[in-house]
Amino acid sequence: MRSPFRHRTATPPALSPDMFENAARREGFDLDSSQLEAARTLADDATWCYLVGPPGRGKSWLLDTYTAALPAGIPLRLHWHEFTRDLHRCIRTAGSLPAGLARLLGSHTVLCFDEFAVDDPADGIFVDRLFAAARAAHVRLVVTSNVRPRELMPNPLFHDGFAPTIHLIEREFTVAELDAGVDYRTEAHTSSGFSAGRWIVGERETADRRADALGEHIDVNGRRLRVLRADDDGLVVDFGELCGRPLGATDYLTLADRYRRWTVVGVTDLTDAGSEPAQRFLHLVDVLYDNDVETSFESRLPLEDFGRRDLLPPRLLSRLGQLNVAPIPIS
């Protein structure tokens with residue numbers, strides 16, 4: 001059978017590590033030692049690269065700087081949720097994973113995905129096949145993640161079955177850890193996009209709840225979703241409707257493309273919500289953050305009391321921590 005990747009022969013061009021330092025200085029900061037080491041790994045075009053570290057350590061900045069320095073048409077950069085969505089679509093059209101990956105990549109020879117986090121067994125099944133297809137296609141992979149390879153697929157029911165893929169990742173990728181002990185996001189001050197959103201403590205007035213109760217329905221990838229409002233001013237939707245139903249990152253991406261301002265009402269304590277709604281909320285925040293959607297969350301709980309802090313993923317705490325807090329009842 002003719003390989004869908006037969007046209008691929010070129011490797012990505014090598015870059016100078018100095019390029020990253022110069023880019024940082026132009027933006028008014030210096031790279032720390034772990035960022036410099038990660039930059040050297042990125043500049044080595046002969047190796048696959050796995051950038052790992054807690055939220056706010058500069059992984060996405062390094063990835064953005066790397067892809068911007070490559071010639072146009074060489075890199076394809078996607079958030080992991082976007083990548084899995086688009087690849088599944090291409091597989092359905094092309095009929096197989098190699099053919100679907102070839103369709104998605106086109107002539108790109110570097111594939112980058114941000115926030116690699118495999119916690120869904122359905123996604124875990126095809127990850128090792130994906131890496132094998134990328135290797136056969138002579139495509140360089142560069143990923144960022146908040147967790148080390150051995151911490152992927154954290155659910156103990158599925159972790160052992162994913163262990164061979166973890167070993168593959170540790171063998172095929174050069175792992176560069178970034179952790180200078182500073183969450184650089186807390187040092188940045190922005191007033192647009194996700195960071196312009198609010199965590200609002202309180203409940204809506206009863207009259208408002210009665211008015212909203214009529215609501216309306218919108219279509220999301222073939223599903224009917226009940227919302228309190230959906231128009232040019234944005235989306236107002238209940239936590240239970242978003243996270244209590246079998247929706248996924250693909251559905252949240254569709255909505256994020258459609259509505260650029262969100263209000264999520266009735267956010268409950270994740271400790272009591274259940275594991276699946278809590279996981280969906282994590283995916284929801286990931287999508288809203290990475291697509292820079294201005295989002296307000298309404299909850300009875302102050303942000304510091306929202307779920308057990310020792311159980312919530314660090315990236316969720318970091319992202320919600322950028323919101324403006326409004327510790328007053330909603331009027």
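Rule-based calculations on the coordinates, nothing more; no lab input. In this text the structure is predicted, and so the values were computed from the model without any measurement. Using ideal geometry, Cβ is built from the backbone for each residue, glycine included, and neighbour counts are taken over all protein chains shown.
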Exercise for the section: Tell me the label-point distance for the pair E170, E21, using the 7 Å Cα-to-Cβ offset, in nm and rounded to one decimal. Expected result: 3.3 nm
Problem - Under 5 Å, built H, 5+ apart or other chain: amide partners of V265 - result: V237, D238, F239, E298
Completion exercise
Phi-derived 3J(HN,Hα) across segment 118-133 with the Karplus relation (6.51, -1.76, 1.60, θ = phi - 60°), rounded Hz, x for Gly and Pro, is 9, 10, 10, x, 5, 6, x, 4, 9, 5, 5, 5, 4, 5, 5, 5
Problem - Sites D45 and R150, calculated FRET efficiency, Cβ-Cβ separation with R0 35 Å, nearest 0.05 - result: 0.85
Handout entry: Amide H contacts of T174 (H built 1.01 Å from N, under 5 Å, at least 5 apart or other chain)
Key = W48, C49, Y50
Completion exercise
Rounded to one decimal in nm, the spacing of the 7 Å Cα→Cβ label points at F29 and D257 is 3.1 nm
Completion exercise
Descending packing, highest mean Cβ count within 10 Å first, for 99-108, 227-236 is 99-108, 227-236
Handout entry: Cα lying deepest toward the dipole's positive end in segment 2-152, options S33, W80, V147, charges on Cβ
Key = W80
Handout entry: Using a Förster distance of 30 Å, the FRET efficiency for V325-I218 (Cβ separation, nearest 0.05)
Key = 0.55
Problem - Whole-Hz ³J(HN,Hα) from phi, Karplus 6.51 cos²θ - 1.76 cosθ + 1.60, for segment 46-51, glycine and proline x - result: 7, 10, 6, 10, 10, 8
Practice task
Please list the non-local residues whose amide H lies under 5 Å from the amide H of L301, H modeled 1.01 Å from N, same-chain partners needing a gap of 5 or more.
Solution key: G202
Problem - In Hz, Karplus ³J(HN,Hα) per residue of segment 266-277 (6.51, -1.76, 1.60; θ = phi - 60°; x = Gly, Pro) - result: x, 5, 9, 4, 5, 4, 9, 6, x, 5, 5, x
Exercise for the section: Write down the radius of gyration of segment 18-183 and its Dmax, each obtained from C-alpha positions, in Å. Expected result: 15.9, 48
